[in-house]
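A.B. asks: My structure is below; once you've seen it, I'll send some questions.
FYI, it's all coordinate maths here, none of it is from the lab. Note that the coordinates shown come from a computational prediction; the quantities given were computed from them, not determined experimentally. Methodologically, a virtual Cβ is constructed for each residue, glycine included, from the backbone with ideal geometry; neighbour enumeration extends over all protein chains shown.
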Amino acid sequence: MENPRAFLKSLFDAAVEAALPQADIARCLPEKPRGRTVVIGAGKGAAQLAQAVEAAWDGPLSGVVVTRYGYATKCTQIDIIEARHPVPDEAGLAASKRLLTAVQGLGPDDLVIALITGGGSALLPCPPEGVSLADEIKMNEALLASGAPISAMNTVRKHVSDIKGGRLALAAAPAKVVSLIVSDIPGDNPAFVASGPTVPDSATAQDALEIVRQYQLPLPASIKAHLRSDAATAPLPNHPVFSQNEVHIIASAEVSLQAAKRVAEVQGFPVHILSDALEGEAREIAKMHAAMAKYSKGPLVLLSGGELTVTLKGQGKGGPNSEFLLAFAKEIESIDNIHALSADTDGIDGSEDNAGGFADGSTQMRIRARGGVPAALLADNDAWSALHLAGDLLVTGPTGTNVNDLRAILIF
């Protein structure tokens, strides 16, 4: 293996390509309605979905989609708004109001196409009465630092919102809503992608309060009071408004992992997919992957997907993929036949500009050679700085999709 990183990057590229919307969007589009067609959407890949819908749709349409700053793409009939992620801002609040306005006054002959991808939770702040945007921002910051899995975070978010938890679809009634979803959720429950603005689920406000208690979330008093009130009740899946609606998962981690597997096998490597739905602390999952790699006989490629978390205790920079790699590097130091990639398929790991990065047996040595102390950087949740010192960052820019993380480990 002359260039392990190029090989691993080819697996990541294949995974991303398999999750791009252009290939399957036409197949998933509904029939044209007798009335109007309105497109709404939110997420880090929502603008690319909107562009694909415009290219495939035979007829007039209008609408509005919100995506992360820097992730917009050109559309002619659908307005693209940019807002802040992973912490909401005023632009996201304005976008939420635009989406709700776009579905007002529709009739039974009208159609709403909802384009939902990961990242939509932060991009659609819409605090209920008595809760301010500043309060919702504090809630999101507490959730991001908690180490809670995405399903738990989104259970809380959807009960502190006037747009999530199926409420956007409720506002569109009596129009039919067809949701096309790119899943970044382990297990692909569509109700948890972007906190389900058009897809309800059976979680209750009491479930949200239990998550607050379990993770000891330091939430503003206004949010705790709201969760204890009747106003926090979200519509349930058996609500008659949802009976005519459709939900389609058009891309997922499983599809992407299979694409990466095919690329590795073409190059002669046996492949074992560990899971497409791993969750847990990034550094703990790193230990598990490293143990498997050290005691596996090469040549072999190990693949996994899902969404890892980081319980923030330090002040450093990075995301779960970077932290995974720094912890993984510790476990395989001085082993020369193991190389790893871990990256988010949307192109952004946490709050920095990298998708993730690489790690091998020399990563820790290169960090030390440039003045860093790997253990101290890991303790400070400063994995981005560590990988930057090592020259191990992977920067891709926005990819146009989001099916969560890809981890690929090469053993030869």
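A.B. asks: Order these peptides, 98-106, 255-263, by their mean beta-carbon neighbour count within 10 angstrom, highest first.
C.D. replies: For the peptides 98-106, 255-263, the packing ranking is 255-263, 98-106.
A.B. asks: Sorted from fewest to most neighbouring beta carbons within 10 Å, what does the list Val182, Val266 look like?
C.D. replies: Placing the least packed residue first, the sequence is Val266, Val182.
A.B. asks: Here's something else I'd like to know. Which trypsin sites (Lys or Arg not before Pro) does segment 274-316 hold that lie in a coil by DSSP with at most 15 other beta carbons within 10 Å? Numbers along the way, then the final one.
C.D. replies: Working: sites: Arg283, Lys287, Lys294, Lys297, Lys313; in loops: Lys297, Lys313.
Listed in order of number, the matching sites are Lys297, Lys313.
A.B. asks: Of the candidates Asp336, Asp360, Asp13, which one comes out as most mobile in a Gaussian network treatment of the chain with C-alpha springs shorter than 10 Å?
C.D. replies: The residue that fluctuates most here is Asp336.
A.B. asks: Then there's this: Taking the alpha-carbon centroid of each part, what is the distance from segment 359-386 to segment 281-322 in angstrom?
C.D. replies: 15 Å
A.B. asks: With axes computed from alpha carbons, what is the tilt in degrees of helix 205-214 against the longest principal axis of the chain, rounded to the nearest 10 within 0 to 90?
C.D. replies: Roughly 30 degrees, rounded to the nearest 10.
A.B. asks: I've got another one for you. When only C-alpha pairs under 8 Å and at least 6 residues apart count, what is the relative contact order of the chain, in percent?
C.D. replies: 18 percent.
A.B. asks: At what distance in angstrom do the alpha carbon centres of segment 3-54 and segment 112-163 lie from each other?
C.D. replies: So the separation of the two Cα centres works out to 23 Å.
A.B. asks: Relative to the longest principal Cα axis of the chain, at what angle does helix 253-266 sit, 0 to 90 degrees, rounded to 10?
C.D. replies: Value to nearest ten degrees: 40.
A.B. asks: Out of Pro235, Ile137, Val112, whose Cα points farthest toward the positive end of the dipole of segment 20-251 (charges: +1 Lys, Arg; -1 Asp, Glu; placed on Cβ)?
C.D. replies: Ile137
A.B. asks: What net charge do the residues around Lys158 carry, taking every other residue with its C-beta under 9 Å from that of Lys158, with Lys and Arg at +1 and Asp and Glu at -1?
C.D. replies: Here the count lands on +2.
A.B. asks: Tell me the angle of helix 320-331 to the major Cα principal axis of the chain, expressed in degrees between 0 and 90 and rounded to the nearest ten.
C.D. replies: Roughly 20 degrees, rounded to the nearest 10.
A.B. asks: Per residue of the chain, what 222 nm ellipticity follows from adding -39500 (n - 2.57) for every DSSP H run with n ≥ 4, rounded to the nearest 500?
C.D. replies: It lands at -10500 deg cm²/dmol.
A.B. asks: Taking a point 7 angstrom from the Cα of Ser351 along the C-beta vector, which residues in segment 357-392 have backbone N less than 14 Å away?
C.D. replies: It comes to 381-385, nothing else.
A.B. asks: Among Ser179, Ser362, which comes first, second and so on when ranked by fewest other beta-carbon atoms within 10 Å?
C.D. replies: Details: Ser179 25, Ser362 17.
Arranged by neighbour count, lowest to highest, Ser179, Ser362 become Ser362, Ser179.
A.B. asks: Counting DSSP beta bridges with both partners in segment 20-251, what percentage is antiparallel, nearest 5?
C.D. replies: Expressed as a percentage, antiparallel bridges in segment 20-251 total about 0.
A.B. asks: Could you give the length gained by full extension between Lys74 and Thr311, i.e. 0.36 nm per residue of separation minus their alpha carbon distance, to one decimal place?
C.D. replies: Full extension of this stretch gives 81.6 nm more.
A.B. asks: Separation between the Asn337 and Asp13 pseudo-spin-labels, each 7 Å from Cα along Cα→Cβ, expressed in nm?
C.D. replies: For the pair Asn337/Asp13, the computed spacing is 2.8 nm.
A.B. asks: Take every Cα pair under 8 Å in segment 20-251 that's 6+ residues apart, average their separations, divide by the length, and report that relative contact order as a whole percent.
C.D. replies: 21 percent
A.B. asks: Treat each spin label as a single point 7 Å out from the Cα along the C-beta direction, and report the Arg262 to Gln22 distance in nm.
C.D. replies: Between Arg262 and Gln22, the simple spin-label model gives 1.7 nm.
A.B. asks: Do the alpha carbons of any pairs in Lys44/Lys138; Lys158/Lys330; Lys9/Lys44; Lys297/Lys330 sit beyond 26 Å of each other, and which pairs?
C.D. replies: Lys158/Lys330
A.B. asks: Apply the a/c threshold of 1.5 to the C-alpha gyration tensor of segment 1-111 and tell me whether it is rounded, prolate or oblate.
C.D. replies: Oblate shape, in that a/c is at least 1.5 and b/c is the bigger or equal ratio.
A.B. asks: May I pose another question? Out of all DSSP beta bridges in the chain, what portion is antiparallel? Express it as a percent rounded to 5.
C.D. replies: 35 percent
A.B. asks: Out of residues 5 or more away from Gly306 or on other chains, whose amide H comes under 5 Å of its own, with H placed 1.01 Å from N in the peptide plane?
C.D. replies: Under 5 Å from the amide H of Gly306: Leu278, Asp405.
A.B. asks: Given points 7 Å out from each Cα along the Cα-Cβ axis, report the Ala375 to Arg34 separation in nanometres with one decimal.
C.D. replies: Calculated label separation equals 7.3 nm.
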